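Trainee: Okay, here's the structure, questions in a sec.
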Amino acid sequence: MTRPGSVTVRAPAKINLELRVGAPRPDGFHELATVFQALSLADDVSVSLTGGSIDDGVEVTLDGTQVDGVPTDERNLAVRAVLLLAERTGVSDGVRLHLRKHIPVAGGMAGGSADAAAALLAADLVWQTGLTREQLRALAAELGSDVPFALLGGTAIGTGRGEQLTAAMCRGTYHWVIALSDRGLSTPAVFAEADRLRAGRVLPEPRVSERLMAALRSGNAAALGAHLVNDLQPAACSLRPGLLQTLEVGDECGALGALVSGSGPTVAFLAADSEQALDIATALGTSAVADQVVRVTGPAHGARVVEGAWPTS
Ligand code: C5P
C-alpha cells in the first residue's frame with residue numbers, strides 16, 4: 001500500500017457542560033469530574049512529508065480566523081505531538097504542519113489540545129506507525145489533559161485530570177452561542193485562583209450530576225441548561241470581572257443556561273433552537289460584551305481525516 005504524502009485531520013473544540021474541580025493533587029493537577037461536549041467549531045491540521053529528516057525541525061504555517069498568538073515553534077502543542085510520536089516510534093521522515101485555526105487561543109475551549117490530537121492522528125497516518133488506538137490515546141494523555149477528548153469527540157465524562165474518558169449517552173443536537181474574548185486566560189492561573197478562593201474549605205470528591213446526565217440522555221435542553229455548572233467560573237470571573245456582564249446577557253435574552261467554558265474566558269450560552277441562538281448572538285453583538293460571537297452545535301465528531309487518506313475498502 002502506498003502511503004499518502006499529506007493527511008488533514010479535523011479536531012473539535014470542546015466545552016465542559018459540568019466541571020467539578022477537587023483539591024490539588026501532589027503532582028500539581030486537580031482531580032476532576034467533567035462532562036465534555038465536542039462542538040462543530042474545529043481546527044484542521046495537515047501533516048505533510050518534507051522529504052527531509054525530522055531532525056531538521058518542524059515548520060509550521062497558519063491560516064484561519066484565530067491565528068493571533070499561535071506559536072509556530074515547540075511551544076505549539078501540535079509540534080510537540082509530532083515530535084513525541086517520532087521519538088516513541090523511531091521514525092525519522094521530516095514533516096511540516098499547516099494549521100487552519102478557528103478555535104480561539106487560550107479560550108478554555110481546548111484549541112491547542114484539538115490541534116495536538118489532529119496532528120497526532122495525521123502524523124500517525126502519514127508515517128504509518130502501526131500504533132493501536134489505545135497507544136495513541138496514551139500519547140494524547142501525555143500531551144495534555146484535554147487531548148484524549150479531542151480524539152474521541154461526542155459527549156463524554158472525564159475523570160482523573162480529565163484524560164480518563166467514558167462516552168456518555170446524549171440524544172439530540174444542542175445549539176450554543178459562544179462569546180469569545182480577544183484576551184485569553186491562563187489555565188494554570190485560573191486553577192491557582194480557584195485554590196485561593198477555596199482555601200480552607202473541605203472539598204468534596206468531584207462527581208458529575210445524575211440530573212445533568214439524565215437531561216443529556218433524554219435530549220432535554222431546558223433541563224441541561226438548568227444544570228450547567230463550572231467550579232472554575234468564580235475564579236475566571238475573579239480574574240476577569242467583565243465576564244459577569246457577559247453572563248448576564250444570557251439571562252436577559254432567556255438563554256436556557258450560560259457558563260464560562262473550562263478555564264475561560266469564553267462564555268457559552270445554550271439556546272432552545274437555532275432561532276433563539278440567533279437572538280442571543282444579536283444581543284451579545286449589540287451589548288458589545290464579547291469581542292467575537294459564534295454559533296455552533298454539539299455534539300460533534302472527534303478527530304477525523306478530512307483529506308488525504310487512502311480508501312479503506
Ligand atoms: O493538562 P494541561 O497541560 O492541559 O494542563 C494545563 C495546566 O492546567 C496544568 O499545568 C495545571 O496547572 C492545570 N490543570 C490542573 N488540573 C487539571 C488539568 C489542568 O490543575 N486536571
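Trainee: Give the order of His102, His175 when sorted by the count of other beta carbons within 10 angstrom, beginning with the fewest. Could you put the intermediate results ahead of the total?
Mentor: Values: His102 17, His175 21.
Least crowded to most crowded, the residues run His102, His175.
Trainee: Express the relative contact order of the range 40-184 as a whole percentage, based on alpha carbon pairs under 8 Å and six or more residues apart in sequence. Don't jump to the answer; show the numbers that get you there.
Mentor: Numbers: 236 pairs, mean separation 37.0, N = 145.
For the range 40-184, the relative contact order is 25 percent.
Trainee: Using the Karplus equation 6.51 cos²θ - 1.76 cosθ + 1.60 (θ = phi - 60°), what ³J(HN,Hα) coupling, rounded to whole Hz, does each residue of the range 102-110 give in order, writing x for Gly and Pro?
Mentor: Listing the rounded values in order: 10, 8, x, 7, 6, x, x, 10, 6 Hz.
Trainee: Would you work out the relative contact order for the chain, in percent, from Cα pairs under 8 angstrom that are 6 or more residues apart?
Mentor: Details: 759 pairs, mean separation 83.6, N = 313.
Here the relative contact order equals 27 percent.
Trainee: Let me ask something else. Could you please state, rounded to a whole Å, how far the C-alpha centre of the range 1-59 is from the C-alpha centre of the range 120-174?
Mentor: About 8 Å separates the Cα centre of the range 1-59 from the one of the range 120-174.
Trainee: So what are the ³J(HN,Hα) numbers for the range 241-257, from phi and the Karplus equation (6.51, -1.76, 1.60; θ = phi - 60°), rounded to whole Hz, Gly and Pro as x?
Mentor: Going residue by residue, I get x, x, 5, 4, 5, 4, 4, 4, 4, x, 4, 4, 10, x, 4, 5, x Hz, with x marking Gly and Pro.
Trainee: Is the shape of the range 1-141 best called rounded, prolate or oblate, per the rule: a/c under 1.5 gives rounded, else a/b larger than b/c gives prolate, else oblate, with a ≥ b ≥ c the square roots of the Cα gyration tensor eigenvalues? Kindly include the intermediate steps, with their values, before the conclusion.
Mentor: On the way: a/c = 1.89, a/b = 1.49, b/c = 1.27.
Taking the square roots of the gyration eigenvalues as a ≥ b ≥ c, the range 1-141 is prolate.
Trainee: Tell me, Glu18, Glu248, Glu134 in order of fewest to most beta-carbon neighbours within 10 Å?
Mentor: Values: Glu18 23, Glu248 13, Glu134 7.
With the sparsest Cβ surroundings first, the list reads Glu134, Glu248, Glu18.
Trainee: When the chain is fully extended, how far beyond the present Cα-Cα distance does Asp279 get from Asp93, taking 0.36 nm per residue of separation?
Mentor: So the chain would gain 61.9 nm between Asp279 and Asp93.
Trainee: Where does the charge balance sit around Gln233 when Lys and Arg score +1, Asp and Glu -1, over other residues with C-beta under 13 Å from its C-beta?
Mentor: Values: positive: Arg20, Arg198, Arg240; negative: Glu18, Glu193, Asp231.
Spelling it out: positives minus negatives among the neighbours equals 0.
Trainee: Given only helices, namely DSSP H runs of n ≥ 4 each adding -39500 (n - 2.57), what is the per-residue ellipticity at 222 nm of the chain, to the nearest 500 deg cm²/dmol? Don't jump to the answer; show the numbers that get you there.
Mentor: Details: 10 runs with 106 residues, N = 313.
One gets -10000 deg cm²/dmol as the mean residue ellipticity at 222 nm.
Trainee: Dipole size in debye (nearest 20) for the chain around its Cα centre, Lys and Arg Cβ +1, Asp and Glu Cβ -1?
Mentor: Numbers: 25 positive and 34 negative charges, 133 e Å.
About 640 debye.
Trainee: Moving on. In angstroms, what radius of gyration and Dmax does the range 113-251 have, counting Cα atoms only?
Mentor: That works out to 17.7, 51 Å for Rg and Dmax.
Trainee: Give, in nm to one decimal, the length gained when the segment between Ser287 and Arg198 is fully stretched (0.36 nm per residue of separation minus the Cα-Cα distance). Please list the in-between numbers first.
Mentor: Values: separation 89, 0.36 × 89 = 32.04 nm, distance 3.21 nm.
Full-extension gain reported as 28.8 nm.
Trainee: List the relative contact order of the range 108-265 as a percent without decimals, with contacts defined as Cα pairs under 8 Å and 6+ residues apart. Please list the in-between numbers first.
Mentor: Numbers: 166 pairs, mean separation 36.7, N = 158.
Dividing the mean separation by the residue count of the range 108-265 yields 23 percent.
Trainee: For the pair Ala222 and Glu307, what calculated FRET efficiency results from E = 1/(1 + (r/R0)^6), where r is the Cβ-Cβ distance and R0 = 41 Å, to the nearest 0.05? Can you show the working numbers first?
Mentor: Numbers: r = 39 Å, r/R0 = 0.95.
Step by step, r from the Cβ atoms, then E = 0.60.
Trainee: Quantify how much of the Cα-Cα distance distribution of the chain extends past 32 Å, in percent.
Mentor: It works out to 26 percent of all Cα pairs.
Trainee: Right, here's the next one. Given charges of +1 on the Cβ of Lys and Arg and -1 on the Cβ of Asp and Glu, with all other atoms neutral, how large is the dipole of the range 201-313 about its Cα centre, in debye to the nearest 20? Kindly include the intermediate steps, with their values, before the conclusion.
Mentor: Working: 7 positive and 11 negative charges, 80 e Å.
In debye, rounded to 20, the range 201-313 gives about 380.
Laboratory data are not the source of any read-out in this text; all were calculated from the coordinates shown. Note that the structure is a prediction, hence the values are computed from the model and not measured. So basically every Cβ, Gly included, is an ideal-geometry build from the backbone, and we count neighbours across all protein chains shown.
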